[in-house]
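Here is the structure we will look at.
The values are calculated or read from the model by the stated rules, or taken from the named source; none is laboratory data. Computed from a predicted structure; not experimentally measured. Neighbour counts run over all protein chains shown; Cβ positions are idealised from the backbone, glycine included. Side chains are part of the model used for accessible areas, which takes the heavy atoms of the whole protein and leaves out ligands, DNA and RNA. Shrake-Rupley method; radii C 1.70, N 1.55, O 1.52, S 1.80 Å.
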Amino acid sequence: MSTLEFAGEVERWSRPGGAFEPTLLTAHDEAESFPAEACAALDGWGLPAYYVPTRYGGRLARLEDVHTLLRTVAARDMTVAVAHGKTFLGAASVWAAGDGGPMSLLARHVLAGEAVAWGLTEPDAGSDLLAGTLTATRNGSGWRLSGRKWPVNNATRGRFVSVLARTDPAGGPRGFSLFLVDKRATAPGSVRHLPKMPTHGIRGADISGIEFVDARVPSHSLVGTVGGGLELVLKTLQLTRVTCVALSLGAGDHSLRIIRNFLGERRLHGRPLSDLPHARAVTGRAVARQLLAEAVAFTAARAAHEIPQELSVVSAVTKALVPTLVQGQLRLIGELLGARSFLTGVEGYGGFAKIERDHQIVSVFDGSTWVNRSALAATLPLLRPGRRPVAPAGLPAHEWLREDHEPAALDPLRLGVLARGDSILGGLGGLVARLSADMPDGTASLAARLLDAYADLDARIAGVGATTGSPTTAAMRMAERYEWCFAGAAALALWAANPQHHDHGWWRDGGWLAGCLALVLEGLGVRPPEASAVFNRLGSLLLTPEGDRVGLLGRPAGVPA
Ligand SMILES: Cc1cc2nc3c(=O)[nH]c(=O)nc-3n(C[C@H](O)[C@H](O)[C@H](O)COP(=O)(O)OP(=O)(O)OC[C@H]3O[C@@H](n4cnc5c(N)ncnc54)[C@H](O)[C@@H]3O)c2cc1C
């Protein structure tokens, strides 16, 4: 079955008696119990095959497919998406290491439905991976692991766990190695599960931890090279960060469906709530946030194939910006829903509070917004186009963002730890010039102002010297501005790449593009006078039959409230 049929299947599972029936998922949330039925349905459908690259027998050929699938699941229930999708995150480091490691073994087990956890964090180390104290020491031809990883999603339920361990007591960038541990192949008592942690959101997920007590693992558990663990993790995180933002898109889909229903049925002061100009403008702003998030997420998924050498920048921007956009979207929708955003028992609206709770985790795990922004800030001096123009490494973004473009094969070996340029934002000037004669009314002036803002940012970055320490607050602010500029460039490239859509749905008259550019300019502190009209238009469009689906590419996620 293809990704196209998946949404229909999830829709069927959501009917009474199905594994995704909302009352069943709500009951799991309230009881803090694992949504096993839904995960089993996903296994039965064959979702794990999309976590395994085709070269190892799976169906993972395009990252955008994993996006579509996880987005569809998250649009029903974030806990299920987090619980199931974690296997992709746990396994990705093994694929990223290239041939020669335990990939065949892992592929076989993932295809059979075994879950894989991703064990990076330690109680006393948090985001500081270099501070990790879980140790691996040589034991004959194999290794012995001692220490804790916590908190870790699926640490208890997962049969496998990818573990970053200190292999050189002195630590440092070459002092860590990565291991794929098959818990069933360890001696009794040498691997202990830490208790499930009660959580604010995704309450049914297995958020626990794992402790290794002199656990012996064979030599083939080593993933990559001795001392190469940190570099491998940093490269893998680029793939997982790009992928996990699909969870945000799903949360956005779900909440927009709820607000659409609300605006369709709520009457106040003798008229529909949707007649209030403010309600339409706020809704339009929420829609624009979703569409901009999709434009960035899709660009990032394609970038993983086409410009992997730049993915350190693209993934940092994506992981910092997309969850933030959707979190802001949820805030706007929550305000509009009023009491119904808070009351969990009102039919049709009770699910909103859960979405809001669940979504908060996306900006925390796999590198927080700050961690990603900080990584971007540290790279800024390298990214100034004035400093070092990026030689086009292949096709420009507006070519490889064509919906019908066949992306280059995923090649993790082309990932780099530090990008030396950014061809997406670096290409903004050329793209605006190329589009200028052929832009819908109103969007050309928004694009011109984006270009001005980018030139201003470029000049500010010129004042930042390269530093090895933590970025200053000023550099963090610049990184945030960089994210907005990047998002605007991605939206323009997506627009230029897909003229076949220009007369349809959200694309008509440049509606979504204008909304995204207005949002970007606002993020940059520019207040375009046309913003209200642009958001009003998007808000009105949400209430038409076409508003049934807020999306730019692919097929509907099909999510009832
Ligand atoms: C529900 C849940 C599931 C999780 N699942 C997993 C999992 O499966 N595997 C796993 O390994 N971990 C997992 N984690 C851990 C998660 O990735 C950590 O929260 C993360 O590693 C950060 O650690 P910390 O929260 O202790 O924050 P800290 O690292 O202690 O950070 C504290 C604050 O400082 C900020 N900060 C940290 N570094 C920087 C920096 N360089 N620049 C600027 N600001 C910075 C952070 O954003 C945060 O606000 C999970 C956590 C939760 C809550």
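Anything in the range 261-272 that is closer than 27 Å to A74 by Cβ and surrounded by fewer than 20 Cβ atoms within 10 Å (Cβ to Cβ)? List them, or say none.
N261, G264, E265, R266
Looking at the structure I just gave you, is L337 of a type outside the set (G, A, S) and away from the ligand (no atom under 16 Å from the Cβ)?
Answer is yes for this residue.
Out of L343, L321, I need the residue that is under 24 Å from S248 (Cα atoms) and more than 16 Å from the ligand (Cβ to nearest atom). Which one? Can you show your working first?
Working: L321 fails: more than 16 Å from the ligand (Cβ to nearest atom).
Only one candidate qualifies: L343.
Which one is farthest from D65 (Cα to Cα) among residues in the range 26-49 that are aliphatic (A, V, I, L, M) and free of Cβ contacts under 8 Å to residues at least 60 places away in the same chain? Steps first, please.
Looking only at the range 26-49, we keep the residues that are aliphatic (A, V, I, L, M), and these are 27, 31, 36, 38, 40-42, 47, 49.
Of the ones still in play, those that are also free of Cβ contacts under 8 Å to residues at least 60 places away in the same chain are 27, 36, 38, 40-42, 47.
Details: A27: 30, A36: 23, A38: 20, A40: 20, A41: 18, L42: 15, L47: 11 Å.
Only one residue tops the list, namely A27.
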Would you check if R449 is away from the ligand (no atom under 16 Å from the Cβ), among the basic types (K, R) and on the phi < 0 side of the Ramachandran plot?
yes
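Does Q309 qualify as being open to solvent by less than 10 Å² (accessible area, probe 1.4 Å) and more than 16 Å from the ligand (Cβ to nearest atom)? Don't jump to the end; show me each part of the working.
Details: open to solvent by less than 10 Å² (accessible area, probe 1.4 Å): no; more than 16 Å from the ligand (Cβ to nearest atom): yes.
It is false that Q309 is open to solvent by less than 10 Å² (accessible area, probe 1.4 Å) and more than 16 Å from the ligand (Cβ to nearest atom).
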Pairs needed: first member in the range 188-199, at negative phi and aliphatic (A, V, I, L, M); second member anywhere, open to solvent by 50 Å² or more (accessible area, probe 1.4 Å) and within 12 Å of the ligand (Cβ to nearest atom); C-beta distance under 6 Å; at least 6 residues apart or different chains.
L194/W150; M197/P151
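Condition first: of a type in the set (S, T, N, Q) and within 14 Å of the ligand (Cβ to nearest atom). Now tell me which residues in the range 70-104 satisfy that. It would help to see each step written out before you state the result.
Narrowing the range 70-104 to residues of a type in the set (S, T, N, Q): 72, 79, 87, 93, 104.
Within the range 70-104, T79, T87, S93 meet the criteria.
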Is it fair to say W507 is within 25 Å of V313 (Cα to Cα), buried (at least 17 other Cβ atoms within 10 Å of the Cβ) and of a type in the set (F, W, Y)?
no
Using beta carbons and a limit of 9 Å, which pairs, at least six apart or on different chains, have the first residue in the range 345-356 and closer than 12 Å to G334 by Cα and without any contact (Cβ under 8 Å) to a residue 24 or more places away in the chain and the second one in a loop (DSSP other than H, G, I, E, B) and open to solvent by 20 Å² or more (accessible area, probe 1.4 Å)?
A353/F342; A353/L343; A353/T344
Looking only at the range 184-206, count how many residues are within 15 Å of the ligand (Cβ to nearest atom) and over 26 Å from the mean Cα position of the chain (by Cα).
3
What number of residues within the range 106-157 satisfy the criterion of being more than 9 Å from the ligand (Cβ to nearest atom) and either of a type in the set (S, T, Y) or closer than 13 Å to Y51 by Cβ (or both)?
17
Given (1) open to solvent by 60 Å² or more (accessible area, probe 1.4 Å); (2) assigned to a helix (DSSP H, G or I); (3) of a type outside the set (D, E, K, R), Q329 misses just (1)
Do we have any residue at all in the range 121-131 that's open to solvent by less than 10 Å² (accessible area, probe 1.4 Å) and in contact (Cβ under 8 Å) with a residue 40 or more places away in the chain?
no
How many residues are within 26 Å of the chain's Cα centre (by Cα) and buried (at least 18 other Cβ atoms within 10 Å of the Cβ) if we restrict to the range 458-475?
2
A489 meets each of (1) over 19 Å from A300 (Cα atoms); (2) assigned to a helix (DSSP H, G or I) with one exception, condition (1)
Candidates A419, A489 - the one that is closer than 30 Å to R59 by Cα, surrounded by 19 or more Cβ atoms within 10 Å (Cβ to Cβ) and in contact with a helix residue (DSSP H, G or I) (Cβ under 8 Å, 6 or more places away or on another chain)
A419
Which condition from (1) in contact with a Ser or Thr (Cβ under 9 Å, 6 or more places away or on another chain); (2) surrounded by 23 or more Cβ atoms within 10 Å (Cβ to Cβ) is the one that R302 breaks?
(1)
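Based on this model, can you work out whether R59 counts as under 18 Å from R108 (Cα atoms), at pLDDT 95 or above and among the charged types (D, E, K, R)? Outline the logic, then answer.
Numbers: under 18 Å from R108 (Cα atoms): yes; at pLDDT 95 or above: yes; among the charged types (D, E, K, R): yes.
Judged against the criteria, R59 is a match.
Here is a yes/no grid of residues against (1) of a type outside the set (S, T, Y); (2) in a helix (DSSP H, G or I); (3) open to solvent by less than 20 Å² (accessible area, probe 1.4 Å):
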{"position": "A316", "(1), (2), (3)": "yes, yes, yes"}
{"position": "K319", "(1), (2), (3)": "yes, yes, yes"}
{"position": "L343", "(1), (2), (3)": "yes, no, no"}
{"position": "Y349", "(1), (2), (3)": "no, no, yes"}
{"position": "I355", "(1), (2), (3)": "yes, yes, yes"}
{"position": "I361", "(1), (2), (3)": "yes, yes, no"}
Within the range 242-251, can one find any residue that is open to solvent by 40 Å² or more (accessible area, probe 1.4 Å), touching a residue at least 24 places away in the same chain (Cβ under 8 Å), under 30 Å from Y349 (Cβ atoms) and not in a helix (DSSP H, G or I)?
no
Collect the residues in the range 207-232 that are surrounded by fewer than 24 Cβ atoms within 10 Å (Cβ to Cβ), part of a helix (DSSP H, G or I) and within 24 Å of the chain's Cα centre (by Cα), keeping them in residue-number order.
L230, E231
